[in-house]
Amino acid sequence: MYGLLKPLLFSLNPETAHNLALFAIRNGLVSVSVPDKPVTKFGVKFPNPIGLAAGFDKNGVALEHWHKLGFGFVEIGTVTQHPQPGNAKPRLFRLRRDMALINRMGFNNRGADAIARTLDISDPAIPVGINIGKSKITALRDAHIDYAYSFKLLRQFASYTVVNVSSPNTPGLRSLQSFDMLLVILDTLKSMDSNHPLFVKVSPDLDQAQLEDIVELIVTYDLMGLVANNTTVSRSGLAVDPHIDGGLSGSPLTHRSQQVADTARKLLPDDKFLIATGGVMSANDVKARLDCGADLVQVYTGWVYNGPQFVKDICEAI
Ligand SMILES: Cc1cc2nc3c(=O)[nH]c(=O)nc-3n(C[C@H](O)[C@H](O)[C@H](O)COP(=O)(O)O)c2cc1C
């Protein structure tokens, strides 16, 4: 079925295709049966270790349907304190030859209050992670207030919360990965709730010393672990650089994300968890992430290119 629909979807503008796919999913029009591969991580039971990465269901509108696509968990967001429209369109681009996407969505989302109302009336069948970020209008020095606002409202609905400091499309956001700035955010969130499972989502463009700083904070503040990684601003690995601003995802990111996962796993103590994402385009990519010690694996661009059978194919292979 998807084989027939794919040429149609791929002939549409990428954001229109995305909205159409989300419409079909939230109306229960797509379902796939997937074998259970249950895992328990940080006290949470997952039907399988494959999740949908942040950014596809930003507002959590299809929460009750993701398990029908076989996902073992879903991460919604990025959610910001204030509702915001995101960047001007076009802001999502397909690079078909490279099995890649470039996006500069800019955290378009309905804001924490509205999303809390959606979550309040949802009954998801799988664990939900909530990814939070800073609103564009909030000054960088006040970032912790923005994160705290969303965390206060949303954590009650989340199996885990991700502090996203790594999207390239909100000016200055990635500077929040620095030791001093991240410390303020983590200190604020931990003082609000010391038990809730918290993760930090990092960029693949960090060097080892920067990753070491973040792991030090994870240990100091006793967070649950890392989500590695977000999109890249590098254009290496592309057949042709289209000179489009934004974060690159998909196949050109596979090698770098595997390296980041390997390094992160070595740096993280054994009791911390690694959610691996970035360029997971095949079941073999999933196996490689699990083999290096990732606890859970998320897909986005690979799912867009492979279609709704992707999670089934992965779960049959692992
Ligand atoms: C269109 C699009 C929107 C995204 N939005 C977000 C977001 O809001 N927050 C976030 O943390 N990551 C976001 N991401 C990054 C993905 O969650 C993922 O980390 C990244 O795409 C790498 O995985 P992939 O190569 O499998 O796509 C987005 C990615 C894409 C393609």
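Derivation of every value follows stated rules applied to the coordinates shown; laboratory data play no part. This one's a predicted model, so the numbers in the text were calculated from it and none came from an experiment. Every residue, glycine as well, gets a Cβ built from its backbone with ideal geometry; the counts of neighbours run over all protein chains shown.
What 222 nm value per residue comes from the helices of the chain, counting each DSSP H run with n ≥ 4 as -39,500 (n - 2.57) and dividing by all residues, nearest 500 deg cm²/dmol?
On the way: 10 runs with 108 residues, N = 318.
Dividing the helical sum by the residues of the chain leaves -10000 deg cm²/dmol.
Loop-located trypsin sites (Lys or Arg not before Pro) in region 211-318 (DSSP state not H, G, I, E or B) with no more than 16 neighbouring Cβ atoms inside 10 Å: R235.
Only Cα pairs under 8 Å and at least 6 apart count here; give the relative contact order of the chain as a rounded whole percent.
Values: 655 pairs, mean separation 56.7, N = 318.
After rounding, I find 18 percent.
With Rh defined as the Kirkwood radius, the inverse of the mean 1/r over Cα pairs, the Rg/Rh of region 2-317 is 0.92.
Determine the gain in length on full extension of the stretch K190-L29; use 0.36 nm per residue of separation and subtract their C-alpha separation, reporting nm with one decimal. Before the final figure, lay out each step's value.
On the way: separation 161, 0.36 × 161 = 57.96 nm, distance 4.03 nm.
Net length gain for the segment: 53.9 nm.
Could you compute the FRET efficiency for S178 and Q156, with r as their C-beta to C-beta distance and R0 at 30 Å, rounded to 0.05?
Values: r = 30 Å, r/R0 = 1.00.
The value I calculate is 0.50.
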